[in-house]
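Q: I'd like to ask some things about the structure below.
The values are calculated or read from the model by the stated rules, or taken from the named source; none is laboratory data. Predicted, not measured: the structure shown is a model, and the values here were computed from it. Don't worry about glycine lacking a Cβ; one is built from the backbone with ideal geometry, like all the others, and counts go over all protein chains shown. Just the protein is used for accessible areas: all its heavy atoms, side chains included, with ligands, DNA and RNA removed. Shrake-Rupley method; radii C 1.70, N 1.55, O 1.52, S 1.80 Å.
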Amino acid sequence: MLATTGACGNLNPPAENVPPAKIAEWGGTIAARVAGVLERAAPLATPRLRVRARTVSLAAEVLAGPELAAHAERLLADTASRAEWGERHRRAVASWQAGLSRAAAAWEIELFALRLGPCVLLGVNGEPFSLFTAEVRRRTGAPVSTIGYANGLTGYLAPAAAYREGGYEVDVAHVFYDTFRAREGALEALAAEAAELVQEVLD
């Protein structure tokens, strides 16, 4: 059995800062559901394993000069972030702004697709929103399951709609990764590449 964190870009627990007993209760609920499925699973008569991988470059929103300074000021003025992280938020923005000379102009995303019988696992070294998996499934018609944080973590990969909605994942998170955020449309472009990779292990 393989247990992974899945694609968690916009899927969170029911609550935060809960006691260990509550976490154990949630884990038990999930384990009971999984155990029931495993008990009904039949072994494969002819297991088939295929693996493919590729690296995809996604453009980042590169900032410099006055544009960078203005963006840092907007980050510092974000009341929600100040309320949640206090002085740590100010230090993070300062460190991010000072270190961007070393930041890459593109995100290097490592994808791998693994087919084992009828199952297809798709690994991404980032934290994609759940719409990523839905889009790959739509394009391929395959029951794909995404493994986030596979072989590293570049940051959040959000759909175009999230850039217009705003929020931590697209407006703030890149500061804590000391990088530029990916350009709008990155998740959709990556889903297209991932669908091609999945198709290779299905053919």
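Q: Checking the condition of a type in the set (Phe, Trp, Tyr) and under 20 Å from Arg82 (Cα atoms), which residue from Tyr163, Tyr149, Tyr168 passes? Spell out the reasoning first.
A: On the way: Tyr163 fails: under 20 Å from Arg82 (Cα atoms); Tyr149 fails: under 20 Å from Arg82 (Cα atoms).
Going through Tyr163, Tyr149, Tyr168 in turn, just one is of a type in the set (Phe, Trp, Tyr) and under 20 Å from Arg82 (Cα atoms): Tyr168.
Q: Out of everything in the stretch 151-172 that is touching a residue at least 60 places away in the same chain (Cβ under 8 Å) and assigned to a loop (DSSP other than H, G, I, E, B), what residue ends up being nearest to Val51 (Cα to Cα)?
A: Result: Ala158.
Q: List pairs: first residue in the stretch 59-76 and touching a residue at least 60 places away in the same chain (Cβ under 8 Å), second residue surrounded by fewer than 14 Cβ atoms within 10 Å (Cβ to Cβ) and outside any strand (DSSP E or B) anywhere in the structure, Cβ distance under 7 angstrom, at least six positions apart or on different chains.
A: Ala60/Ala104; Ala60/Ala105; Val62/Ala105
Q: So which residues in the stretch 173-188 are in a helix (DSSP H, G or I), under 20 Å from Ala103 (Cβ atoms) and not β-branched (Val, Ile, Thr)?
A: First pass over the stretch 173-188, keeping only residues in a helix (DSSP H, G or I): 173-176, 186-188.
From what is left, the residues that are under 20 Å from Ala103 (Cβ atoms) are 173-176, 186-187.
Within the stretch 173-188, Ala173, His174, Phe176, Ala186, Leu187 qualify.
Q: Determine, yes or no, whether Thr46 is touching a strand residue (DSSP E or B) at 6+ places or on another chain (Cβ under 8 Å) and on the phi < 0 side of the Ramachandran plot. Steps first, answer last, please.
A: Details: touching a strand residue (DSSP E or B) at 6+ places or on another chain (Cβ under 8 Å): no; on the phi < 0 side of the Ramachandran plot: yes.
Considered against the rule, which asks whether it is touching a strand residue (DSSP E or B) at 6+ places or on another chain (Cβ under 8 Å) and on the phi < 0 side of the Ramachandran plot, Thr46 comes out as no.
Q: Among the candidates Arg183, Arg102, Arg164, single out the residue that is in contact with a strand residue (DSSP E or B) (Cβ under 7 Å, 6 or more places away or on another chain), among the basic types (Lys, Arg), open to solvent by 10 Å² or more (accessible area, probe 1.4 Å) and more than 30 Å from Leu44 (Cβ to Cβ).
A: Details: Arg102 fails: in contact with a strand residue (DSSP E or B) (Cβ under 7 Å, 6 or more places away or on another chain); Arg164 fails: in contact with a strand residue (DSSP E or B) (Cβ under 7 Å, 6 or more places away or on another chain).
After applying the criteria, what remains is Arg183.
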